[in-house]
Structure formats: C-alpha cells, structure tokens
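Let me begin by presenting the structure, written as structure tokens, before commenting on it.
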Amino acid sequence: MQPTTASNETKLPRAVLRRSQAINDRIAARNKPAEPEPNPTSNATPATEPAAAPAPAAEPQAAAPAADPRDSDPSYWQQRFKVTEGILRRERTDRATERDSLHQRIAKLEDESRTLQATAKPADDAIDLTQFYTPAQIEQYGEEQCRVMAGTALRAARATAQQAIDAAVRPVREAQERQQTNNADAARTGFEDALTEQLPNWREVDADQRWRAWLAEEDENEVVRQTILNVYITNANATGATRMMKKWMTSVAPAPKPPAPPPPPMTPSGTGANPEGGNAPPPTPAQQAGAPTDAEVKDFYKRSALGKVKDTERTAFEARLALRNGAR
C-alpha cells in the first residue's frame, strides 16, 4: 500500500476557469497562421500566351515646309513697301535735321569768330598796360616798350584763338560737305532708278549723238531743250525727262510703210461690164494708193504743221483722204 501524496494545487472557482479558458482560446485563435485561400483558377487551363507585340510603325518622313502664303499676297508686299517707305522718309527727315543742326553750329562758330576778332583788335594806344604789367615794371621798361610787348602778345593770342576756331569749324564744315555729297548721290540714284523703271533703255538714248544734237536745238516755244532737261534733272523729275526722251524717239523713228494697195478688180471684157462698151477706165493714182491709215493721217498733219508738206503731196493725200471719207 503506497503512501498518499499531499496535494499542493489550489482549486479555482469554475467561473474563473471558464473565463481563463475563453481568453486562452481567443489568444490561440489570434496567433494561429491564416490558411491560404484556395485559388479557383489553380486547376483551370492556362490561358493562351499573349500575341507578340506588333512592330512599331515606321515614322513618317517630315513633310516639306509649306510655302509662305504671304509670298503671293499683294497686300502683304504693299504693306512691306509702306513700312520701307516710312523708314526711308524718317531717315531723310533725320538727315535734314542733322544738316540743319550743322548749319546752326557753323553759323554760331562763325559769329563767335567775328566777335572775337572785333574785340581782340584794340588799338595799341587803347591797351590797358595795367592788365599786363605792374607800375614798377612800366617804370622800369618804359611805357612805350610795354605797349609794344603787350600788342605783340595780343596779336599772338588772336592768332592762336583763330587757329583754335578754324580747327573746331573744319570738322563741321567737312561733315556738311560730305552730307551734301551723299544727299546729291542719293537723289541722283533715285532719279536714275525712276528713269530705268519708266524707260529701261534710257542709257542708250542718252549716249546717242542725235539725242544730244536734238537737245541743243530750240523747241516750239523757242527754248533750248537742254535747259528744260536740266530743270527736270535738278528737280529729279523722271517723268518729264522720260517724256522728252520718248518724244525724241518718236521723231527719229522711221515712218511706217503704207500698206500695199489692193490689186485692181478684174474687169471682164464685153459690153456686160461696161454698158457703153469697151473697157473700164484705169484707176486713178489715189485709188491705186488706197485710203490712208490712221498713222499716215497723223504723220501728214504733223508734217503739215511743221511746213514740211509740198503742194503736190497735199493734193495727192487729200485725194486719198476723200476715198477714206467716202468709204465711211
């Protein structure tokens, strides 16, 4: 028979045991690792592999730059012309203002020069020696000697001042002369450009000796034509110069040949064509020449006004002119 073992455990109330068991269960549930959820597609047939990505499309070539629509727009170029014209007008105004300023500066310097010359030429007797020498120096050298030395010093000072004025005026005067030359060249260039635009062959006309001889003559108003042309050139009147050149070209142009007269009509023989019998009378010289053209009429009256038409030529032309009037 075994001896009985004494129990050292303390029995807890059931309520405490139940509560402790509940706490332990909750802790065990919290620490238990979560089971992985079943994958519904784990047994499914694997999907078809994706198709290969399409090759990237070739980059389109850069298109040629489109033409600027302003190149064919008259209004655009007209606006550009107005802008350029405004710039040139402002440039001319600035140059005119600069030229006036130079004129004023030159006039001022010249006035100063004249004033200095007038005030720097006192007579030797009017020189105040006390401005140059002390009384002791005047007594030592003598009044006459001091006056001579003071006059010499004043003349040297005037010469030096005049040289300084000339040196100051010279650049201004040279700038003015250069500006005048530039303005004249610009005016000449503009005049020639306008002539070229209105009469492209004006240089050939100007080199013609017949044109030079024509300019040396007097016009219908008894004025030498070269004088009129010089006025046009001075005023940069390209229209007037062009008009004179065209007038000379017309005067030396050969007269147009009259058209060939039409052949005389065929006159059949027999009494049917001529009731009186026999052949028809031959055509007159006027009928053979035919009615004059407008150019012939204009040339005739022009030469008639200048007294270059003879009586026989006038009679023949009037007969031809009668044919023309009769045809109308």
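The values are calculated or read from the model by the stated rules, or taken from the named source; none is laboratory data. The structure presented is a predicted model; accordingly, all values stated were derived computationally and were not measured. Here the Cβ positions follow ideal geometry from the backbone for every residue, glycine too, while neighbour counts run over all protein chains shown.
Take GLU197 and decide whether it is over 26 Å from the mean Cα position of the chain (by Cα) and either in a helix (DSSP H, G or I) or free of Cβ contacts under 8 Å to residues at least 24 places away in the same chain (or both).
On the way: over 26 Å from the mean Cα position of the chain (by Cα): no; either in a helix (DSSP H, G or I) or free of Cβ contacts under 8 Å to residues at least 24 places away in the same chain (or both): yes.
So GLU197 fails the test.
If you check GLU217 against the conditions, is it free of Cβ contacts under 8 Å to residues at least 24 places away in the same chain and closer than 30 Å to THR97 by Cβ?
Details: free of Cβ contacts under 8 Å to residues at least 24 places away in the same chain: yes; closer than 30 Å to THR97 by Cβ: no.
Judged against the criteria, GLU217 is not a match.
Select from the stretch 115-126 the residues that are assigned to a helix (DSSP H, G or I) and surrounded by 10 or more Cβ atoms within 10 Å (Cβ to Cβ) and write down the one among them that is modelled with the highest pLDDT.
Taking the stretch 115-126 first, the residues assigned to a helix (DSSP H, G or I) are 115-119, 124-126.
Filter once more, so that each one left must be surrounded by 10 or more Cβ atoms within 10 Å (Cβ to Cβ): 115-117, 124.
Working: THR115: 70, LEU116: 65, GLN117: 62, ASP124: 52.
The selected residue is THR115.
Selection of first residues in the stretch 173-186 that are assigned to a helix (DSSP H, G or I) and of second residues that are surrounded by 12 or more Cβ atoms within 10 Å (Cβ to Cβ), restricted to Cβ pairs under 6 Å at least 6 apart or on distinct chains, gives the following pairs, ordered by first then second residue: GLN176/LEU102; GLN179/ARG99.
Can you name every residue in the stretch 284-318 that is outside any helix (DSSP H, G or I) and surrounded by fewer than 13 Cβ atoms within 10 Å (Cβ to Cβ)?
Applying the first criterion (outside any helix (DSSP H, G or I)) to the stretch 284-318 yields 284, 290-293, 306-310.
Those that are outside any helix (DSSP H, G or I) and surrounded by fewer than 13 Cβ atoms within 10 Å (Cβ to Cβ): THR284, LEU306, GLY307, LYS308, LYS310.
Looking at (1) more than 22 Å from ARG324 (Cβ to Cβ); (2) modelled with pLDDT of 75 or more, which is the only condition ALA295 fails? Among (1) more than 22 Å from ARG324 (Cβ to Cβ); (2) modelled with pLDDT of 75 or more, the lone unmet condition for ALA295 is (1).
Can you pull out every residue in the stretch 131-159 that is polar (S, T, N, Q) and loosely packed, with under 10 Cβ neighbours inside 10 Å?
Here is the first cut: in the stretch 131-159, the ones polar (S, T, N, Q) are 131, 134, 137, 140, 145, 152.
Hit for the stretch 131-159 is GLN131, nothing else.
Residues of the stretch 187-206 include at least one that is surrounded by 14 or more Cβ atoms within 10 Å (Cβ to Cβ), more than 30 Å from GLU91 (Cβ to Cβ) and not aromatic (Phe, Trp, Tyr).
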